[in-house]
Amino acid sequence: MELPQIQVKRIDKLSLIYGVAVALLVAVSLYIRVALPYDSVLGGAFVRFGGNDPWYHMRIVDNTLHNFPHRIYYDAYTYYPYGTTKGFAPLFGYLLAAIIWIIGRGNPYATLGQDSIDVIGAWYPAVLGALTVIPVYFIGKAVWNRNAGLLAAALIAILPGQFLSRSIVGFTDHHVMETLLSTTALLFFILALKAAKNNEITYYSLLEKDWTALKRPISYSLLAGIFLGSLQLAWIGAPLIMFVLIVYAIVQYIIDHLRGASTDYLCIVSIPAFIIALLMLAPIPKFGALTGIQMISIFLAIAVVLALGAVSFVLNAKKIVPYVFPIVVVLLAVVSLVLLNALAPALYANVIGALHVFVPSESSLTIAEVHPMHIFSQYTGKIVDGEAWRWFSTTFFIAFAGFILLGYNIAKQFRAEEVLVLVWSGIMLFACFGQNRFAAHYAINVALLCGLVCGAIIDYVWSRGKPSRTGKAATKGGKVKGKMKLNAKGGATEKSKTKTTAAEPENRLKVNTGKISATVRPELILAILAIGLIVFYPPLTTTLASARSGGGPDDNWYKALTWMKANTPEPGLDYYGLYEEPPFNETTNERGVYDYPEPAYSVISWWDYGHWITRIGHRIPVANPLGQDGIGGPYRDNAPGASVFFIANNEPDANEIADALDVKYVVSDFMMADVWNSYYNKYGAMTVWAGDPQRYSSLGYYYYTMVARLHMFDGTRTNVDGTIFPALHHYRLVHESPTFFLPILFMDTNTGYMNWRSYSNDYTTTAAQAQILHGHLFEFPAGTWIEDDLNNNTLPELLVSAFTSSGIPFSEQSTVSKMDEGRWMIRDVTNNNVFIIARTEEGMLRVNLYGVGTGQENLKAWTPEYLNPVGFVKVFEYVPGAHITGTAANGSVIEISTAITTNQGRRFTYALETTASPTNTYEFIVPYSTDGPIAGGTQFDLSVTPYTLRAGHYENGTLIWDTEQEVHVSETDVLNRGTITIDLL
């Protein structure tokens, strides 16, 4: 009677060992997700939440805490002037708000403060990510054995890539919760299937109320339903998991029916889970709508399972040959889709449209997380540069061995839980090649498949070294009888009976030593080391390198938006309010605009930055990442929005868009203007959304765009290789960030290869670098005879003398060629130099060295003169502008200019030029005031000198100024379209 007690103690001890191991893996996972990126996320002046969406999640948390237990489902503080209902599924943010509310004892802002609230929010995803280790272990254990589960859990704890980046501290987004909940839901579904098969439940079990057989599978099914329902409440993409279960049900029904096995258990297990999820989702505003894809996916799953169960039951009852079943299933699916399209086309479109996650549209591909995952890099063609390797390392390829082994197991035993893992893994892999965001989900499958492979290798090596027959060992004072047996899970166990005497402990020690030496064998150690080096070491090294950065806005963006919050007028809308959603117009199938208060205005920037503007700046953006609201253009019914504003190639068109959207501020960064991809090119995404990327991406068009004229040229008059771009009348710079960027073209003089890179530093340092890279050598007065020589491809003597006196190596055998009007190129092959000569507006010929030495052989660097250091983030104000008008002699040249010093000490000149009309009048519209800010307006921190207004005329091609006046412009005139009259006659 003592043997069962000993066996129970042994099992408890083994469970305790594995339990401790899993707990340690959770701790390791949490350490990776918190300790490594800690300084990047929590070590600065603010909590740097990662990416974009986490900032909006925290905005929802803020709002919920101020209105607890209520939560907004419509937000007027984004997507001006409509507001948005898209948002996120509620569970992720609501659970975080509830945790903070409890920790804060019902008044978190008083007891914790904003900083502590942000810190708790930052820890939230890391904890959820670490907890994912637990269901991964139990899936591996349930489907295969403890060792496979432990290996899978260890792997998911250290895997790099999308799952890691979306579960580190500060990435407070729903992705980690959706992965945890989907994994847990499928764990309980697997346990329900396994219990149902073991207990051989059928419909008769229900009719006979065989609760002993039904208790365990139904309990697991209900738990699966709870987690499925929670998943639907945490992720609007949860129908993908329902799709997995639908496909699995079809596959499993076909397998079981063809094999003559009962299919009753599938319906008994699935329907309770789906009904629970349905009941959890139904009462939630927006997400419980019957026409929503989430509800549709659950109804569809119920319908599929019931239909397949009914078909299987009828065919079995009528004893129709099994192979008819898959034919009926295909016919039923086709007929159902045809009828759905005919009777409910909107519903059909909704269902089919949900499959677009596997094939995203062209415009969607401008979103980083929607890019497909590549095995071979699309840039270098190398595997090591592809996303698959960078996100999974060796495990991505080892997982394919897991697919093969899993398929082999299914072919031998047809275990339902293994079929589910195979279907789940296959769909998630396919989804990754549609959108890389699903790599966070596929990480679970990779861990499980690699756990299966590694566990099988260890079990194989273990079992190979043990005798298959009963062995006898004679010892002094006792006998040992041992038998080795491969257990049902694939692991080796040893059963032995030992007779010993209490007087001979030394003999017992020898027996135990023999057991240890039989267990710790060289081949087993080598197998474990090989697994460690091949499976675990490569992803771990990538993780340790990549987990240290948390992403999110850098100091430039944060400082610019905190400046905006403190120094621009309040928009008149309560940031923490609960907003009443405008009614939906059934005729136009659109929601009306929100009834904003009179002071309200919008901020336009690229959609990536909308959530930062809302949460950091407490201002209302036009565009945001929620389905790319406010982006405008042809993909949004040609509505006004960010893409068409920034791509607009003239100011009146941009003003029309700004007026339609009540824009008051424009915020840009260097990436939005980086057409060269010297740092990161977001301009290209704008061109796609604007509808004609090939046209808009040409430099000939680019310099006309609002984003280039604002961010690169400050809205000032600019000469780009002889083309004059006039200053903007209604946009003024009011703030810029402290870090400056400069695009640089690097040229290999041997191969001719060129590529753009950027240099960044403070303004003074970057400006000094720009001066060198512009390559300015000297200039001299232009003359017709000099230009004639250049136009005739002849070197003027004056130019040769200038080079000689400057000390610059120059060969008289250099060749001259005309580039365009007023611009020439000289090639000095002897000294390996190229020079650019350009006529300036002041009538000078300026000589620049095209490409300065970098210290590396055959590598030169160059930046065009019209490209100067630009602040990484700039804030502009859209203003009516002050009108300066008066009289001047017909045909006279009128110029007005002012010198501006930014908050970073950078100086530039704003100037406008016009010609007096035949009626002897002129007019300017200027955006800068010279008298400083006023109360209630923008508290800009720029210094603006009084305008210089002057009139002149040309004599023999030379401009002669006749009169000059100083003009002061008040802020009131700029904001209210005031008129200042100054006569120059």
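Going 7 Å from the Cα of ALA935 toward and past its Cβ, which residues in region 943-973 have a backbone nitrogen under 17 Å from where you end up? Under 17 Å, as judged by backbone N against the label point of ALA935, lie 971-972 of region 943-973. In summary, the aspartates and glutamates within cross-link reach of LYS319, defined as a Cα separation below 17 angstrom excluding same-chain residues under 8 places away, comprise ASP256, ASP264. Close amide H pairs (under 5 Å, H built 1.01 Å from N) link HIS735 with VAL875, residues at least 5 positions away or on another chain.
Take the solvent-accessible surface of the protein heavy atoms, probe 1.4 Å, and return the percent of it on the chain that carbon and sulfur atoms account for. Using a 1.4 Å probe with all protein chains present, the chain comes out at 59 percent carbon and sulfur.
Ranked highest first by average number of other Cβ atoms within 10 Å, how do 937-946, 527-536 line up? Show your work: numbers first, answer last.
Numbers: 937-946: 17.5, 527-536: 15.2.
Output ranking for 937-946, 527-536: 937-946, 527-536.
Please give the length that would be gained between VAL384 and TYR408 if that part of the chain were fully extended, namely 0.36 nm times their separation in residues minus their C-alpha to C-alpha distance (nm, one decimal). Could you put the intermediate results ahead of the total?
Values: separation 24, 0.36 × 24 = 8.64 nm, distance 2.96 nm.
That pair, VAL384 and TYR408, stretches by 5.7 nm at full extension.
Rounded, prolate or oblate, given the Cα gyration tensor of region 879-983, with a/c below 1.5 counting as rounded? Each step should come with its number before you reach the end.
Numbers: a/c = 3.06, a/b = 1.65, b/c = 1.86.
Oblate shape, in that a/c is at least 1.5 and b/c is the bigger or equal ratio.
For the Cα atoms of the chain, what angle does the longest principal axis make with the long axis of helix 113-131, in degrees from 0 to 90, nearest 10? With rounding to tens, the tilt is 50 degrees. Can you list the HN-Hα couplings for region 620-636, worked out from phi with the Karplus curve (6.51, -1.76, 1.60; θ = phi - 60°), rounded to whole Hz and with x for Gly and Pro? Taking θ as phi minus 60°, the curve returns 9, x, 6, 10, 8, x, 6, x, 6, 4, x, 7, x, x, x, 7, 10 Hz for region 620-636. Rounded to the nearest Hz, the phi-derived 3J(HN,Hα) couplings of region 565-580 under the Karplus curve 6.51 cos²θ - 1.76 cosθ + 1.60 (θ = phi - 60°) are 4, 8, 10, 10, x, 5, x, x, 10, 5, 4, 9, x, 9, 9, 8, where x marks glycine and proline.
With both labels modelled 7 Å from their Cα along Cα-to-Cβ, the ASN638 to LYS286 distance reads 3.0 nm.
Relative to one another, the C-alpha centroids of region 169-188 and region 242-313 are positioned 22 Å apart.
What does the accessible area per residue of region 745-870 come to in Å², with a 1.4 Å probe and no ligands, DNA or RNA counted? Show your work: numbers first, answer last.
Working: 6720 Å² over 126 residues.
Computed with neighbouring chains in place, this is 53 Å² per residue.
Assuming R0 = 35 Å, what is the FRET efficiency of LEU14 and THR394, from their Cβ-Cβ distance, to the nearest 0.05? Calculated transfer efficiency: 0.70. Taking amide H as placed 1.01 Å from N in the peptide plane, the amide H of THR921 sits under 5 Å from that of ALA888, each at least 5 places away or on another chain.
Taking amide hydrogens as placed 1.01 Å from N in the peptide plane, the amide H of ARG591 sits under 5 Å from those of ASN585, each at least 5 positions away in sequence or on another chain. The residue among ILE808, ALA861, VAL829 whose Cα reaches farthest toward the positive pole of the charge dipole of region 745-870, with charges on the beta-carbon of Lys, Arg, Asp and Glu, is ALA861.
Residue by residue, region 825-831 carries 3J(HN,Hα) couplings of 10, 10, 10, 9, 5, 4, 9 Hz when phi is fed to the Karplus relation 6.51 cos²θ - 1.76 cosθ + 1.60 (θ = phi - 60°); x denotes Gly or Pro.
Estimate the FRET efficiency between ASP210 and LEU339 by the formula 1/(1 + (r/R0)^6), using the beta-carbon distance for r and 51 Å for R0, to the nearest 0.05. Walk me through the numbers on the way to the answer.
Numbers: r = 38 Å, r/R0 = 0.75.
The computed FRET efficiency comes out at 0.85.
Placing a pseudo-label 7 Å from each Cα along the Cα-to-Cβ vector at GLN856 and ASN719 gives an inter-label distance of 3.3 nm.
Can you say what percent of the DSSP beta bridges in the chain, counting only those with both residues inside, are antiparallel? Round to 5.
Numbers: 98 of 105 bridges.
Among the beta bridges of the chain, antiparallel pairing accounts for roughly 95 percent.
Over the C-alpha atoms of the chain, the Rg to Rh ratio, Rh being the Kirkwood estimate, stands at 1.07.
Can you tell me the accessible area per residue over region 114-222, all protein chains present, probe 1.4 angstrom, in square angstrom? Provide the component values of the computation, followed by the final result.
Working: 3520 Å² over 109 residues.
Normalised by residue count, the accessible surface of region 114-222 is 32 Å².
Estimated purely from DSSP H runs of n ≥ 4, each contributing -39500 (n - 2.57), the mean residue ellipticity at 222 nm for the chain is -14500 deg cm²/dmol once divided by its residues. The packing ranking of peptides 862-873, 754-765, highest mean first, is 862-873, 754-765, where packing means the average number of other beta carbon atoms within 10 angstrom of each residue.
Each peptide among 958-967, 435-444 gets the average number of other Cβ atoms lying within 10 Å of its residues, and from highest to lowest they stand as 435-444, 958-967.
In a fully extended conformation the segment linking ALA660 and ASP788 would gain 40.9 nm over its present Cα-Cα distance, using 0.36 nm per residue.
The values are calculated or read from the model by the stated rules, or taken from the named source; none is laboratory data. Given the structure is predicted, the values throughout are model-derived calculations rather than measurements. No Cβ is skipped: glycine too gets one built from the backbone with ideal geometry, and neighbour counts run over all protein chains shown. All accessible areas refer to the heavy atoms of the entire protein, side chains included, with ligands and DNA or RNA removed. Shrake-Rupley method; radii C 1.70, N 1.55, O 1.52, S 1.80 Å.
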